[in-house]
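Report on the structure given below.
The values are calculated or read from the model by the stated rules, or taken from the named source; none is laboratory data. Note that the structure is predicted; figures quoted are calculated from it, not measured. Quick reminder, even Gly has a Cβ in these numbers, built from the backbone with ideal geometry, and neighbours come from all protein chains shown. The accessibility values were calculated without ligands, DNA or RNA, using every heavy atom of the protein model including side chains. Shrake-Rupley method; radii C 1.70, N 1.55, O 1.52, S 1.80 Å.
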Amino acid sequence: MPFFDYRECQLLLFTLKSCVDIILYLEVIFYTDLGLFFLVLTLAVGLTGTKLGCAEGGCGACTLMVSKYHPHQNRIIHHAVNACLAPLCSLHHCAVTTVEGIGSVASKLHPVQERIAKAHGSQCGFCTPGIVMSMYALLRSNPQPSMHDIQEAFQGNLCRCTGYRPILEGYRTFTKDGGCCGGKGQTNGCCMTNGCIEEHVNVSRTDIQTPCSVFSEYKHIFFMPLDPTQEIIFPPELMVLSIQPQRELRFVGERVLWIQPCSLKELLELKATYPNAKLVVGNTEVGIEMKFKNLLYPVILAPAYIPELNIIQHTQDGIEVGASVTLTVLGDVLRAAVKKLPAHQTEVFKAVLEQLRWFAGQQIRNVAVCHVSLPEIKSKRVLEMDDKFFPGYRKTILKSEEILLSIEIPYTRKYFSAFKQSPRKEDDIAIVTSGMNVLFKEKSNIVQSIRISYGGMAPVTSKCISFTQSLFDCRQWNEELLEQACTSLAEEMSLSPSAPGGMVTYRRTLTISLFYKFFLTVQHLATLSVHCVFADCFTLFPCFQAVPPGDNSDDVVGHPIMHLSALKHATGEAIYCDDIPCYENELRLALVTSTKAHALIKSIDTSDAMEVPGVVAFISAKDIPGSNLTGPVFNDETVFADDKVTCVGHILGAIVADTQAHAQRAAKAVKISYEELHPVIVTIQDAIANKSFYQPVRSMERGDVAQGFKDSDHILHGKMHIGGQEQFYLETNCTVAVPRGEDGEMELFVSTQAASKTQALVAKALGVPANRVVCRVKRMGGGFGGKESRSTILLAFFFRTKRPVRCMLDRDEDMLVTGGRHPFFGHYKVGYMNNGRVNALDVTLYSNAGNSMDLSLSVSRALFHMDNSYNIPNIHGTGYICKTNLPSNSAFRGFGGPQGMMIAESWMSDVALSCGLPAEEVRRMNMYKEGDFTPFNQRLDQFTIDLCWEECMQLSDFNMRKEAVEQYNRQHRWTKRGLAIIPTKFGISYTAAGALVHVYSDGSVLLTHGGTEMGQGLHTKMVQVASKTLGIPCSKIHITETSTNTVPNTSPTAASVSSDLNGMAVYNACQTLLQRLQPCIDKNPKGCWEDWVINLSANGFYKYVYFNLGYDFNTNSGRAFNYFSYGVAVSEVEIDCLTGSHKNLHTSIVMDVGKSLNPALDIGQVEGGFMQGLGLFTLEELRYSPDGYLYTRGPGMYKIPSFGDIPIELKVSLLRDAPNEKAIFSSKAVGEPPLFLAASVFYAIKDAITVARAESGLTGPFRLDSPATPERIRNACEDKFTKLNPEKNHGFYKNIKQHNGF
């Protein structure tokens, strides 16, 4: 019979919160399938610091520290784990530390929390607790880590806001070789003030003269020292229990039985009793299957502590590792062996270590094991892991009565190499892997034996048997053998054009390229390897604007003030929508979505769903009390699909139940019958073929384009695709709806950028006036445009139950239903002169809007950026908005501008290549000048891009860098470096905003404005504006939230203009207050703020009236933008011509933000925007099936930039002495403009490819679509190996490969 050890279970939770009752613990187990620890934190204990970002262990937002006494290692270990995957039952006898447990704002901060906040390493803050806990866990195990250790610890953490630089810089201060001693105010003071900085700072950094190095940013900041002796101890009660004899432990859930046996005998008996039971140690695989594949394993066996499965022993032939040994422990064992044993014995160990380094994140490696779950054992046998070990996909040759006990990793047999090629280096699934081993006859280069295996070329590992046997037998290891081997590999490693996974040409080429790398390594002709392309150390230089002479030092505007919520972010005390405590009788909601892209709805069967325990209702279109039509601009969408679905993910209805688990299970049980319709339009090419466009078709023209082409010396044609992009805000869309019980009143707590639009659409769906609906926004965990209009999809589902309802989308749901950045396709015709001067341009742009217009008409601003920063006298552009069967694409940082500018840089690059001129000279020659007119006839005044250009050339040492790149390329054949300098001109336009300021009798000020806080620091800047205007400290001013019942009819927080708009509204309100207070000031001129104040309240309103905005496409007249933001970036990259991998060596950015309101926040926006652009142009790909199904749903398949993707050297400078008279305190918008500067990385890659192609005799323009993935880079570097695998233009996967929205 199952039993519960109540005493021990209570101790399990004792380390988290001593007052938790065991009944809570059991209830959590009962109503969840696996009792994930994250649910205990949020539902039972109420600790909300640990965040849920993906539910698959890929983002690190839920990171916490688990401590336990490990009997087989005889020590206490501390490691970071993902709470979203950790079963509560697996934490028996463990001490769990969350971000709340190490410090708080109210009591005392931990140095880990303090330093990330003071280093400006937190923006939206949703990822911050997870990053804090990853660093904390590292310091508990290693109090003096290296930067390599820190980077490795963060491989499982993602941040979408900061760009990572400030996080690394803040935590560099913990390293013994690169940061602060933590002793300011202590004996002898701080290393940064007592002359001992050389001991703590990398000298190479201090040698570089910059306006402000990163260390001067910290020199006036007090850092609490780290004292390891003051950390929380491991609970003695758990220590006592841990050393006692183990016994079987069982937990019974609603649908799952969890059993933890204590001996191998018990395990085998249980396996005989439950033959279909799953063995789980880290839950990194089973947890994913149960969550996302809808699989159910009724019995789980947890053999983590069985002695025989934790064995580690050295044998005569290698190291034997038990099947329950975690990958982290395995890595420690192998590293120790590499240090101790002779080098010739440890090549396999080194290769395994290199692969472990790039396998998953640290949190996964801490719990994941190499174990196979199969039944009973009667006798031991040893199997070689050869080509017969895996007979099929995810299958082994182990018999049903066998279980894996251990794996032996052998010593090296001479030369051995292992390779992994993936889209992103850190924490990514391999495209192709390989292991190669060659043994030569004694004292010769005659091959005695060779083994070569590939992963990713078949459902199972492929061993090149015929290739190795027939070709290498007694052959010399020379160039002749290489040529024959490559030809033979091309024949043997063939793939069908419809092979799962696609990238057929690239994968086949990789098999040859990786073998060539192995050949070179063995031949000692080069030291090249896949991993050597990547570096570990970063040199980072943010450069702030200096405070102008004469400015009041008490004036907070222009100072790098820390984000006002940064400390709360770091401690987990910042409240997000889903952190709001549950209401009494609260229900959970789960969406029911379409599985067809284009079909009629024949029937919806909810009978099975209603049988799921806890289900209250199914809501569909017929239940909407008001209008089912919705949409942010055009009413071309529905709250629920009524008779037809037009995309996969189209919302059909919703299930409301008592728990999220029940609601989601019931939603999956709803059965829908469809009648499929044709055509299914997925790509831009499909839309063009079917003439599926939204109206209107926009066009813009200036000059005489036809004559311009006639007058040109040359004309070229070109095309370019730019893929879509997921916003990937760490906090998914979330809403809590609370009916107020009378007059149809509804209160909404929403994660949205558009509070007023949300209010209006919900009121419309409910059939009530807008004054009955209040929308509140405390803060968001990122937005980037994705919560401007698509967040409204959750908001009309809560009326029927008359009870509070909560819905937070899972990551895969959010990516499925919300859409993202518009994919673009452009083709162009360019007329130019011999010297590179562009004389005429005709460009046609197509954007993939999806199944509704949403904000796609605004995205047509791509036409306004088709020139980027170049003065083309004769120019014509046309823009088409494609109607497809994808979820509606929407706003995303840049609103079509980056796509338009990207295509502009494509034709500019083509012109430079055609003329054989340096690209930087051609770009500079064609650049606008002060007073020039744009294609939409707007005069450019206060034009600063030339200043940005010159400063960026100096900051990057462009000319010296170019010489070094050319020298490198002459010396290396299979790696090439590229360099590019790219400008940006981004138009800023806005309308109106409001603010409300209360002054209380104690002198405190409550400030409310129409903008929402999503990490950009808007609230911080608004407090700075109010502080400067009122002349009082920031500490007297507070912002609680954004709410439609305080500031109505607000503009969405979007288009980079929120500081401009709301800043002026706050300024106006404060000026009104000062005017009212003036009589009090006059009566008591020597008094202070508290003496003058009376109960006051003032509204502020601002509408841009400097010029009458309004552009007319028909007449090409009117003012489209208030002003422009400018910037320039230089980037240097290195590509691996054999694999297509690249590393970002250097980036220098100079950005014109006017007179910065807060340089720290603005630097953060520049870096964050740049890294988001880096993902857009080099990494992130959305992949769809021909039927419109999104494959890339979540961090497992969709890869955003990680810590390892930032440039090794990064310099950011804000342009000085460039005030902007058209915005608050002479500042400029900063959110969107920097994103496009990441195109400098793309065109640096293209420059490197150009050099590689020249080695093969290929010159002139060539097409490179965005993003520049390893596949595209490798295929563009045409050489003798790619010729062995010509691309085939047929087959099923050809369609899939193109179905990334193009």
Legend entry - Residue match in region 937-946 (condition: touching a helix residue (DSSP H, G or I) at 6+ places or on another chain (Cβ under 8 Å) and open to solvent by less than 60 Å² (accessible area, probe 1.4 Å)): no
- Return yes or no: is Val286 farther than 24 Å from Tyr69 by Cβ, in contact with a strand residue (DSSP E or B) (Cβ under 7 Å, 6 or more places away or on another chain) and open to solvent by less than 20 Å² (accessible area, probe 1.4 Å)? yes
For region 695-720 the number of residues that are of a type outside the set (A, V, I, L, M), open to solvent by 20 Å² or more (accessible area, probe 1.4 Å) and within 20 Å of His865 (Cβ to Cβ) is 7
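Select from region 46-74 the residues that are among the β-branched types (Val, Ile, Thr) and open to solvent by less than 10 Å² (accessible area, probe 1.4 Å) and list them in ascending order. If you could, list the steps in order and put the result at the bottom.
Step one: filter region 46-74 for residues among the β-branched types (Val, Ile, Thr), giving 48, 50, 63, 66.
Listed by number, the residues that qualify are Thr50, Thr63, Val66.
Kindly establish whether Ile575 is part of a loop (DSSP other than H, G, I, E, B) and either surrounded by fewer than 21 Cβ atoms within 10 Å (Cβ to Cβ) or in contact with an Asp or Glu (Cβ under 6 Å, 6 or more places away or on another chain) (or both). Talk me through it step by step, then tell me what you get.
Numbers: part of a loop (DSSP other than H, G, I, E, B): yes; either surrounded by fewer than 21 Cβ atoms within 10 Å (Cβ to Cβ) or in contact with an Asp or Glu (Cβ under 6 Å, 6 or more places away or on another chain) (or both): yes.
It is true that Ile575 is part of a loop (DSSP other than H, G, I, E, B) and either surrounded by fewer than 21 Cβ atoms within 10 Å (Cβ to Cβ) or in contact with an Asp or Glu (Cβ under 6 Å, 6 or more places away or on another chain) (or both).
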Please verify whether Thr1072 is touching a Leu at 6+ places or on another chain (Cβ under 6 Å), open to solvent by 10 Å² or more (accessible area, probe 1.4 Å) and not in a strand (DSSP E or B), treating the condition exactly as stated. no
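Tell me yes or no: at least one residue of region 1057-1070 is in contact (Cβ under 8 Å) with a residue 40 or more places away in the chain, over 23 Å from Gly1011 (Cβ atoms) and of a type outside the set (S, T, N, Q).
Restricting attention to region 1057-1070, the residues satisfying the condition of being in contact (Cβ under 8 Å) with a residue 40 or more places away in the chain are 1057-1070.
The next check asks that each one be over 23 Å from Gly1011 (Cβ atoms); those that pass are none.
No, region 1057-1070 contains no residue that is in contact (Cβ under 8 Å) with a residue 40 or more places away in the chain, over 23 Å from Gly1011 (Cβ atoms) and of a type outside the set (S, T, N, Q).
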Notebook entry, point to check: Of the residues that make up region 1173-1187, is at least one under 27 Å from the mean Cα position of the chain (by Cα) and part of a strand (DSSP E or B)?
Noted result: yes
Look at Thr1139 and say whether it is of a type in the set (S, T, N, Q) and touching a Lys or Arg at 6+ places or on another chain (Cβ under 7 Å). yes
- Inspect all residues belonging to region 977-997 and state whether any of them is touching a Lys or Arg at 6+ places or on another chain (Cβ under 9 Å), at positive phi and crowded, with 16+ Cβ neighbours inside 10 Å. no
By residue number, the members of region 302-332 that are surrounded by fewer than 21 Cβ atoms within 10 Å (Cβ to Cβ), over 32 Å from the mean Cα position of the chain (by Cα), of a type outside the set (Gly, Ala, Ser) and not in a loop (DSSP other than H, G, I, E, B) are Pro307, Glu308, Ile312, Gln313, His314, Glu320
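Please enumerate the residues belonging to region 863-897 that are under 23 Å from Phe1170 (Cα atoms), over 24 Å from the mean Cα position of the chain (by Cα) and open to solvent by less than 10 Å² (accessible area, probe 1.4 Å).
Looking only at region 863-897, we keep the residues that are under 23 Å from Phe1170 (Cα atoms), and these are 863-870, 889-897.
Still in the running and over 24 Å from the mean Cα position of the chain (by Cα): 863-870.
Matches in region 863-897: Leu863, His865, Met866, Asp867, Asn868, Ser869, Tyr870.
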Scanning region 415-441 residue by residue, those modelled with pLDDT of 90 or more and basic (Lys, Arg) turn out to be Lys420
| Would you say Asp1152 is more than 25 Å from Gly1017 (Cβ to Cβ) and either touching a strand residue (DSSP E or B) at 6+ places or on another chain (Cβ under 9 Å) or surrounded by fewer than 24 Cβ atoms within 10 Å (Cβ to Cβ) (or both)? | no
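Considering only residues of region 360-385 that are modelled with pLDDT of 90 or more and part of a loop (DSSP other than H, G, I, E, B), which is nearest to Ala153 (Cα to Cα)? Let's see the steps before the verdict.
At the first step, the residues of region 360-385 found to be modelled with pLDDT of 90 or more are 360-368.
Filter once more, keeping what is part of a loop (DSSP other than H, G, I, E, B): 360-361, 366-368.
On the way: Ala360: 11, Gly361: 8, Asn366: 11, Val367: 14, Ala368: 15 Å.
Of everything passing the filter in region 360-385, Gly361 is nearest to Ala153 (Cα to Cα).
Does Tyr870 qualify as being in contact with a Lys or Arg (Cβ under 9 Å, 6 or more places away or on another chain) and in contact (Cβ under 8 Å) with a residue 60 or more places away in the chain? Please lay out each step first, then the result.
Numbers: in contact with a Lys or Arg (Cβ under 9 Å, 6 or more places away or on another chain): yes; in contact (Cβ under 8 Å) with a residue 60 or more places away in the chain: no.
Against the criterion (in contact with a Lys or Arg (Cβ under 9 Å, 6 or more places away or on another chain) and in contact (Cβ under 8 Å) with a residue 60 or more places away in the chain), Tyr870 does not qualify.
Where in region 75-181 are the helices (runs of 4 or more DSSP H), entirely inside, with at least 1 residues that are in contact with a His (Cβ under 7 Å, 6 or more places away or on another chain) and open to solvent by 10 Å² or more (accessible area, probe 1.4 Å)?
Numbers: elements: 111-118, 128-141, 147-153, 165-172.
Here the list reads 128-141.
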Cβ pairs under 6 Å, 6+ apart or interchain, first in region 44-55 and closer than 13 Å to Asp812 by Cβ and of a type in the set (Gly, Ala, Ser), second open to solvent by less than 20 Å² (accessible area, probe 1.4 Å) and not in a helix (DSSP H, G or I), ordered by first then second residue, are Gly53/Cys59; Gly53/Ala61; Gly53/Leu730; Ala55/Cys84; Ala55/Asp810
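Can you name every residue in region 947-966 that is touching a Phe, Trp or Tyr at 6+ places or on another chain (Cβ under 6 Å) and either closer than 30 Å to Asn1114 by Cβ or surrounded by fewer than 20 Cβ atoms within 10 Å (Cβ to Cβ) (or both)? Break it down stepwise before answering.
Step one: list which residues in region 947-966 are touching a Phe, Trp or Tyr at 6+ places or on another chain (Cβ under 6 Å), which gives 948.
Within region 947-966, none qualify.
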The helices (runs of 4 or more DSSP H) lying wholly within region 839-926 that contain at least 2 residues that are at pLDDT 95 or above are 897-915, 919-926
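Using the structure shown, decide if Ala609 is open to solvent by less than 20 Å² (accessible area, probe 1.4 Å), part of a strand (DSSP E or B) and farther than 19 Å from Thr732 by Cα.
Values: open to solvent by less than 20 Å² (accessible area, probe 1.4 Å): yes; part of a strand (DSSP E or B): no; farther than 19 Å from Thr732 by Cα: yes.
Taking the combined requirement at face value, the residue does not satisfy it.
Of all residues in region 632-675, count the ones that are of a type in the set (D, E, K, R), closer than 24 Å to Ser789 by Cβ and outside any loop (DSSP other than H, G, I, E, B). Spell out the reasoning first.
Our first condition is that a residue be of a type in the set (D, E, K, R); within region 632-675, this holds for 636-637, 642-644, 658, 665, 668, 671, 675.
Restricting the remaining residues to those that are closer than 24 Å to Ser789 by Cβ gives 636-637, 642-644.
This time we only want the ones that are outside any loop (DSSP other than H, G, I, E, B), so: 637, 644.
Result for region 632-675: 2.
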Within region 737-792, restricting to residues that are among the basic types (Lys, Arg) and in a loop (DSSP other than H, G, I, E, B), the one that is surrounded by the most Cβ atoms within 10 Å (Cβ to Cβ) is Lys787
Conditions (1) assigned to a loop (DSSP other than H, G, I, E, B); (2) at positive phi; (3) in contact (Cβ under 8 Å) with a residue 24 or more places away in the chain -> Phe1225 fails only (1)
Filter region 1102-1136 for residues that are touching a Lys or Arg at 6+ places or on another chain (Cβ under 6 Å) and assigned to a loop (DSSP other than H, G, I, E, B); the one that is surrounded by the most Cβ atoms within 10 Å (Cβ to Cβ) is Asn1122
